[in-house]
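Pasting in a structure now, in structure tokens, and then I'll have a few things to ask.
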Amino acid sequence: MAILSRELDRFIAQKPNSTEKEQEKHLISFMESGGLNNQVSPRSVGDYLPGVNNLNPAERKLAAKHLVQAVKVYNAGKQAESKTIEVYGKNGWLDNSDAFRHCLWNALMKQSIGVSAAEQWATAHEYDSRGLDRTMDLYNNRVGRSINVSGRSLSSIVSLVKYKVRYGSYRRVVNGALVPTDGVGM
């Protein structure tokens, strides 16, 4: 996915007014012509494979239909993961960092692919999750998509998500119960 992301960025730089359909056609052509095999990633040649192989069936179905969205969702996820580690020093589970990551990911997806597509991807991502983990993630995803991201920079969105986590707008799990988030860990 990282290779496809770089190729999409390159194509958009050359054709800034291209449609998503044109971008998708280009990425498909890029892959069919062996572009993935000819690229060297700074991390590793197979860098893109974990992003694809780790998709659940619902995500794979969306990626097959919406390749450009898949790349943008991947990018939003990587940014959310990076900012979570920057803010919390970890990518936790069921805690404030988990709530932060899900909220930021959904806000960034909303900004890049729109609220409806972001909801489809976020819901597909929870395909295999159950119980409080699923309830928490779906709640935080929905609230993340409610953030006004129009014309906002990444740092502005991150600041807003941090504020909302600190003051209990999102949910985490404590002692087997869903509770409001707080400032712990920031």
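Take the residue pairs Lys25/Lys90; Lys61/Lys110; Lys90/Lys110; Lys25/Lys78 and return only those whose Cα atoms are more than 31 Å apart. If you can, show how the numbers build up before the last one.
Numbers: Lys25/Lys90 37 Å; Lys61/Lys110 20 Å; Lys90/Lys110 24 Å; Lys25/Lys78 24 Å.
Exceeds cut-off: Lys25/Lys90.
Mind listing the long-range amide H neighbours of Arg171? Cut-off is under 5 Å, sequence gap 5 or more, other chains count too, H placed in the peptide plane at 1.01 Å from N.
Those lying under 5 Å, H to H, from Arg171 are Asn140, Thr181.
Treating cross-link reach as a plain straight distance, find the aspartates and glutamates whose alpha-carbon is under 12 Å from the alpha-carbon of Lys83, omitting any fewer than eight places away in the same chain.
In chain and number order, the partners are Asp98.
Local charge sum around Asp98 (other residues, Cβ-Cβ under 12 Å, Lys/Arg +1, Asp/Glu -1)?
Values: positive: Lys90, Arg101, Arg171, Arg172; negative: Glu81, Asp95, Asp133, Asp137.
Summing Lys/Arg as +1 and Asp/Glu as -1 gives 0.
Considering only protein heavy atoms and a 1.4 Å probe, what is the carbon-and-sulfur percentage of the accessible area of the stretch 84-163?
Result for the stretch 84-163: 52 percent of the exposed heavy-atom area is carbon or sulfur.
Report the gain in length on full extension from Lys78 to Leu178: 0.36 nm times residue separation, minus Cα-Cα distance, nm rounded to one decimal. All intermediate terms of the calculation are to be shown ahead of the outcome.
Numbers: separation 100, 0.36 × 100 = 36.00 nm, distance 2.60 nm.
Additional length available on full extension: 33.4 nm.
GNM on the chain, C-alpha springs below 10 Å: top fluctuator among Gly92, Gly77, Gly144?
Gly92
Length gain on complete extension for the stretch Val115 to Asn37, per 0.36 nm per residue less the alpha carbon to alpha carbon distance? Present the calculation step by step, with values, prior to reporting the outcome.
Working: separation 78, 0.36 × 78 = 28.08 nm, distance 3.35 nm.
That works out to 24.7 nm of additional length.
If you take the beta carbon distance between Lys15 and Ser150 as r and set R0 to 35 Å, what does 1/(1 + (r/R0)^6) give as a FRET efficiency, to the nearest 0.05? Can you show the working numbers first?
Details: r = 24 Å, r/R0 = 0.68.
After rounding to 0.05, the efficiency reads 0.90.
Something else now. As a test of the definition: which semi-axes, in Å, follow for the stretch 126-186 when you take the square root of five times each eigenvalue of its alpha carbon gyration tensor? Largest first, please. Show your work: numbers first, answer last.
Working: eigenvalues 101, 47, 13 Å².
After diagonalising the Cα gyration tensor, the semi-axes are 23, 15, 8 Å.
Find the eigenvalues of the gyration tensor of the Cα atoms of the stretch 73-138, then list the square roots of 5 times those eigenvalues as equivalent ellipsoid semi-axes, largest first, in whole angstrom. Don't skip to the end; give the middle numbers.
On the way: eigenvalues 64, 53, 13 Å².
Semi-axes from the Cα gyration tensor: 18, 16, 8 Å.
Separate question: If I model a spin label at Met186 and Ser159 as a point 7 Å from the Cα along the Cα→Cβ vector, what separation in nanometres do I get?
1.2
Can I get the semi-axes of the stretch 41-186's equivalent ellipsoid? Compute them from the C-alpha gyration tensor as square roots of 5 times the eigenvalues, in angstrom, largest first. Numbers along the way, then the final one.
Working: eigenvalues 109, 59, 49 Å².
Result for the stretch 41-186: semi-axes of 23, 17, 16 Å.
Sticking with this one: Where in the stretch 77-103 does the amide nitrogen come within less than 15 Å of the point 7 Å from the Cα of Arg142, taken along Cα to Cβ?
So the set is 103.
Which ³J(HN,Hα) values in Hz, rounded to whole numbers, follow from the phi angles of the stretch 142-149 under the Karplus curve 6.51 cos²θ - 1.76 cosθ + 1.60, where θ = phi - 60° and Gly and Pro get x?
Those phi angles translate into 4, 5, x, 6, 7, 5, 6, 9 Hz.
The values are calculated or read from the model by the stated rules, or taken from the named source; none is laboratory data. Model, not experiment: these values are computed from the prediction. Cβ atoms come from the backbone with ideal geometry, glycine included; neighbour counts cover every protein chain shown. Only protein heavy atoms, including side chains, enter the accessible area calculation; ligands, DNA and RNA are left aside. Shrake-Rupley method; radii C 1.70, N 1.55, O 1.52, S 1.80 Å.
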